[in-house]
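Input: a single structure, listed below in structure tokens.
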Amino acid sequence: MKEYEREILLERIGRESATVGASIPDQIDVQGERLDLQSFVFEIKRRETIPSGERERVERAKKNLRRERLQRKQRIEGETDEQLTFETGERLAEAIIGIDRALAALESLRPTDIEGERDRQETADTKRWLDFLKQALGHEDSSQLGGR
């Protein structure tokens, strides 16, 4: 691969708009394991939130995808002209863009912490109730409520 071809590929994967219109690869080798990436992302994305039982699996997948992306980028950056053809570089770039698309989809999910959310709701409800009681009873200081 010629140096200007390498620069074209690196610029392409570095563009923020690179993932627009890009599709997530059906399958990809990530850290030596074959991953059905598209079905995994769609399965998780369909839920809109990450259930607590799936959180570790999703975080591990994101970590492995980031690592795989870096390794593929380093191959484009570092291999000599004889080691890497432009066609191979294009395939690596396409895979990187697909990985970026998958990561963007996974990053947009919100974790679901049902217990934590319930606790926050109860705390907020208690605070609203105490504020209401203070106002209704004409107390300025909340310490007066418990002091009777």
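Just give me the residues in segment 78-119 being assigned to a helix (DSSP H, G or I), over 16 Å from the mean Cα position of the chain (by Cα), at pLDDT below 90 and of a type outside the set (A, V, I, L, M, F, W, C), in sequence order.
Matches in segment 78-119: Gly78, Glu115, Gly116, Glu117, Arg118, Asp119.
State whether one or more residues within segment 7-19 are of a type in the set (S, T, N, Q), surrounded by 13 or more Cβ atoms within 10 Å (Cβ to Cβ) and either within 13 Å of Ile97 (Cα to Cα) or not assigned by TED's automatic domain parsing to the domain that holds Ser108 (or both). I'd like the intermediate steps shown before the answer.
First, the residues of segment 7-19 that are of a type in the set (S, T, N, Q): 17, 19.
With the extra rule that they be surrounded by 13 or more Cβ atoms within 10 Å (Cβ to Cβ), the set shrinks to 19.
Going one step further and asking which of them are either within 13 Å of Ile97 (Cα to Cα) or not assigned by TED's automatic domain parsing to the domain that holds Ser108 (or both), we end up with 19.
For segment 7-19, residues of a type in the set (S, T, N, Q), surrounded by 13 or more Cβ atoms within 10 Å (Cβ to Cβ) and either within 13 Å of Ile97 (Cα to Cα) or not assigned by TED's automatic domain parsing to the domain that holds Ser108 (or both): present.
Could you please give the count of residues in segment 50-70 that are surrounded by 17 or more Cβ atoms within 10 Å (Cβ to Cβ) and part of a helix (DSSP H, G or I)?
5
Which pairs do you get when a residue that is in contact (Cβ under 8 Å) with a residue 60 or more places away in the chain and in the same structural domain as Glu16 (by TED's automatic domain parsing), found in segment 88-101, comes within reach of a residue that is of a type outside the set (A, V, I, L, M) and not in a helix (DSSP H, G or I), reach meaning Cβ atoms under 6 angstrom, with the pair 6+ apart or on two chains?
Gly98/Pro25
Give me the residue from segment 20-31 that is in contact (Cβ under 8 Å) with a residue 60 or more places away in the chain and closer than 12 Å to Arg101 by Cα and, out of that set, surrounded by the most Cβ atoms within 10 Å (Cβ to Cβ).
Ile24
Does Arg47 count as assigned to a loop (DSSP other than H, G, I, E, B) and more than 13 Å from Arg101 (Cα to Cα)? Before you say what the answer is, go through the steps one by one.
On the way: assigned to a loop (DSSP other than H, G, I, E, B): yes; more than 13 Å from Arg101 (Cα to Cα): yes.
So Arg47 passes the test.
Report whether or not Arg12 is free of Cβ contacts under 8 Å to residues at least 40 places away in the same chain, assigned to a helix (DSSP H, G or I) and basic (Lys, Arg).
On the way: free of Cβ contacts under 8 Å to residues at least 40 places away in the same chain: no; assigned to a helix (DSSP H, G or I): yes; basic (Lys, Arg): yes.
In short, no.
Just to be sure I understand, how many residues within segment 32-49 are loosely packed, with under 11 Cβ neighbours inside 10 Å, more than 13 Å from the chain's Cα centre (by Cα) and either small (Gly, Ala, Ser) or at pLDDT below 85 (or both)?
At the first step, the residues of segment 32-49 found to be loosely packed, with under 11 Cβ neighbours inside 10 Å are 32-34, 46, 48.
Subset that is more than 13 Å from the chain's Cα centre (by Cα): 32-34, 46.
Now drop any that are not either small (Gly, Ala, Ser) or at pLDDT below 85 (or both), which leaves 32-33, 46.
Qualifying residue count, segment 32-49: 3.
The values are calculated or read from the model by the stated rules, or taken from the named source; none is laboratory data. For clarity, every value in this text was computed on a predicted model and none was experimentally measured. So basically every Cβ, Gly included, is an ideal-geometry build from the backbone, and we count neighbours across all protein chains shown.
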